[in-house]
Amino acid sequence: MRFVGLGLSAALLFFAVMAPVQSVAAAEPGRVVMVVIDRLALDDLAAGAFANTIAHSSLGLMSTNTGGMRNAENTHATIGAGSRIVATSAGFLAFEAGEKAHRVPAGQEFERRTGVRAPAGSVVHLGIARIWSLSGDLPYPVEVGALGTALRANGLVTGIIGNADWDGMPRRAAATIAMDNRGLVDRGLVGDETLTADQEFPGGLRTNYDRLFAAFREHRDVDFLVIDLGDLSRLDEAQHLVLPDVLAELRALSVARCAAFVERVRRELDPERDLLLVVAPTPPAVNISAGNTLSPVLMIGPPGTGTITSYSTRWEGIITNMDLAPTVLGFFGITPPAEMTGRALTVRPGPADLSALQALNEQLVLIHNLRVPVLKGYMSIQIALVIAVVLSIIVQLRLGRREYLQALLLLAMSFPLAALLLPLLPQPGPFWVGLEITLLTLAIGAVALGLSRRNPLLAFAFLGGTTALAIVADLFLGVPLQKYSLLSYDPLGGARFYGIGNEFMGVLIGATIMTGAVFLTLVDRRFRGAALGVIGALFLVTLFAIANPNLGANMGGTITAVVSFLVTILLFLGVRFTRRLLLASAGGVLVFLAGLTTFEFTRGVEQQSHIGRAARLVFGGDLETAAHEAYNIIQRKVSVNLKLLRYTIWSRVFLASLGGLVLLFYRPSGRMKVFREQYPYLFKGMVGILVASVVALVFNDSGVVAAATVMILGVPPLLYFFLEKTA
């Protein structure tokens, strides 16, 4: 118990001495103008029309995820809420108060629907009730129109000009960026007066840029003005109606018009006081189909030129669409509401490097598109291998020579390390990625196979120790490898951008426990006491790397690690599990987790990881609110896990590994007892890995993924040694 207490105290001390990240001071407020060029792609910026604007800008790529589909209604509304919401089928329905809608002035219809009188000159959103209804079903708190609400509450004026109307239908999703929670924008011009006839343009109407610029000047007194340029959206709607060469020519011409307009606006603003944001809420449809879902962002103002990032991603050059609203509020010195999950943008000073962003985007798209086929192939092989080995052991069915099956087990254990090291190699295309991951796996497996001929324990020590060391080292270096690994989180998916994902978290915990068990098996009995101290230190360093908000930042992984490491070390120590010990251990774990949560909760909002943000939601209100938010978090975790269990191959990997492990406890009869007596520490390590897998399944958003990857380096050693007895 002294050992456990010292370990927990040391880990807590690690968290207590960490230096907090300093927040960036807000600029002196002038006005904020957001130019929306929906469906603009990163390659459009490279065409040359934006060259002068880019020279004065900070550049970044923006995740375009929403609470539902990636469509224009949802992407725009998500920016306005500062949280992923849903507005599908309702997001377009914004009108000037005096404009006709449903045969009456829109302001009158708006009052019927909301009970709010629309001032003259305002813009109203007739779909506000529907948007609230759609977003109310999300398993986390949101406020529709949170940005506009916060601005108006602080006496600032909001405005919207321009539209993306198509084929006689309103397409005015940009209004959801500026509107408040009642669907009201203070000032605006969103009707046909912002359009001009053009017989060469699909539909015969396009944006009147001169009228739009005049409207921009007329709205000088608007503190936050959104300008929707619209034409690229119209072309995206018409993509199946126009021949490709004609569409390409029209698109290039429209991009040039948009660039010229942005440059005119830039020259009107004071870069020392005003902030200009150029955003593309939704990628082009063709890009979405190709998995290319990040869109460009330009920011011009007090931060100067450079590369945009935020604490939401901690990834230079990448932000989320939820970061724009806190950026606008922070510019005016307004604290974002708790429902906004984004963080204010920051800039790394320097010249805006468009080519570097293009290279980053190409790499991320390549990995994104290869992730599923490569992992599905690997996991299918792993499932087949586990089944083949278990059948060979239990029913003596010869599905391959014992030596071949053992070699394949070592290769299966080699894949995670190969996937981690892959980003060190150049990756010019899909073929090369496939070839490189295959060769890396074979090379690592060959080393392990060579060691196994001397002693199989050496092979497991090599695979487990090297994999664990590489993952921990990568965490301390800022995850330069995991960010681009096939076996890690996907920034295009937008679920996680930093720290350790559930895939490598599971691998790390399984590898660490297995390494400790092998080390104790190999070490001379005289030095077992010192070896236990080394393993305890290894467990603490690994726990620190996973739990530290500035490193791993994985709460589910922290719970998995602290429980499984504690159980494993107690097993290694030969401690008897009494009720008193279990209660004391549970109390220690709770104290540790409470300390971590408290540390995160007390940090500045801008520096908090998702752990602190969750704690802020749960503990930031009264008891009823806390219970509701805790329920939402639990419901979300359960929902994700059930979905993954039903639809992903990870569940099959987990069930195959778990099923094989359970079968070997009973068949062949007495074999597990022999293994336990011959390799007591390996057996105890196997129990620790099984505990880790179950805890990971329960306490992680995508727990089945973590549970499956815990098994990758945990189950094969047992199968390997059981095959030895079938010779």
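Condition check: free of Cβ contacts under 8 Å to residues at least 60 places away in the same chain, within 30 Å of Pro29 (Cβ to Cβ) and either in the same structural domain as Ser83 (by TED's automatic domain parsing) or surrounded by fewer than 17 Cβ atoms within 10 Å (Cβ to Cβ) (or both). Does Arg343 satisfy that? It is false that Arg343 is free of Cβ contacts under 8 Å to residues at least 60 places away in the same chain, within 30 Å of Pro29 (Cβ to Cβ) and either in the same structural domain as Ser83 (by TED's automatic domain parsing) or surrounded by fewer than 17 Cβ atoms within 10 Å (Cβ to Cβ) (or both). Annotation: of all residues in region 458-469 being of a type outside the set (Ser, Thr, Tyr) and surrounded by fewer than 20 Cβ atoms within 10 Å (Cβ to Cβ), the one that is farthest from Arg84 (Cα to Cα) is Leu458. Considering region 285-334, and only residues there that are aromatic (Phe, Trp, Tyr) and more than 18 Å from Leu225 (Cβ to Cβ), the residue that is surrounded by the fewest Cβ atoms within 10 Å (Cβ to Cβ) turns out to be Trp315.
For Leu385, the test of being buried (at least 17 other Cβ atoms within 10 Å of the Cβ) and without any contact (Cβ under 8 Å) to a residue 40 or more places away in the chain is passed. Looking across region 507-530, the residues that are within 14 Å of Ala461 (Cα to Cα) and surrounded by fewer than 24 Cβ atoms within 10 Å (Cβ to Cβ) come down to Phe519, Leu520, Thr521, Leu522, Val523.
Just so you know, in region 160-174 the residues that are within 33 Å of the chain's Cα centre (by Cα) and assigned to a strand (DSSP E or B) include one that is nearest to Gly80 (Cα to Cα), and it is Ile160.
Conditions (1) in a helix (DSSP H, G or I); (2) within 19 Å of Arg267 (Cβ to Cβ), marked per residue:
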| residue | (1), (2) |
| --- | --- |
| Thr176 | yes, no |
| Arg182 | no, no |
| Gly188 | no, no |
| Thr196 | no, no |
| Gly203 | yes, no |
| Arg217 | yes, yes |
| Arg220 | no, yes |
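Being aliphatic (A, V, I, L, M), in contact with a helix residue (DSSP H, G or I) (Cβ under 8 Å, 6 or more places away or on another chain), surrounded by fewer than 20 Cβ atoms within 10 Å (Cβ to Cβ) and farther than 16 Å from Glu200 by Cβ is the filter here; which residues of region 236-284 pass it? Matches in region 236-284: Ala260 only.
The set of residues in region 482-496 being surrounded by fewer than 19 Cβ atoms within 10 Å (Cβ to Cβ) and either of a type in the set (A, V, I, L, M, F, W, C) or free of Cβ contacts under 8 Å to residues at least 40 places away in the same chain (or both) consists of Ala495 alone. Within region 335-393, no residue satisfies the criterion of being touching a helix residue (DSSP H, G or I) at 6+ places or on another chain (Cβ under 8 Å), assigned to a helix (DSSP H, G or I) and of a type in the set (Asp, Glu). Apart from one condition, Val479 fits all of (1) outside any helix (DSSP H, G or I); (2) surrounded by 22 or more Cβ atoms within 10 Å (Cβ to Cβ); (3) in contact (Cβ under 8 Å) with a residue 40 or more places away in the chain; the exception is (3). Listed by first and then second residue, the pairs linking a residue in region 200-227 that is hydroxyl-bearing (Ser, Thr, Tyr) to a residue that is not in a loop (DSSP other than H, G, I, E, B), with Cβ atoms under 6 Å apart and 6 or more places separating them unless they lie on different chains, are Thr207/Asp231; Tyr209/Arg257; Tyr209/Phe261. The residues in region 276-310 that are closer than 22 Å to Gly330 by Cα and either modelled with pLDDT of 95 or more or under 27 Å from the mean Cα position of the chain (by Cα) (or both) can be counted, and the count is 18.
The values are calculated or read from the model by the stated rules, or taken from the named source; none is laboratory data. The structure displayed is predicted, hence computed values, not measured ones. Cβ coordinates were reconstructed from backbone atoms using ideal geometry, including for glycine residues, and neighbour counts include every protein chain displayed.
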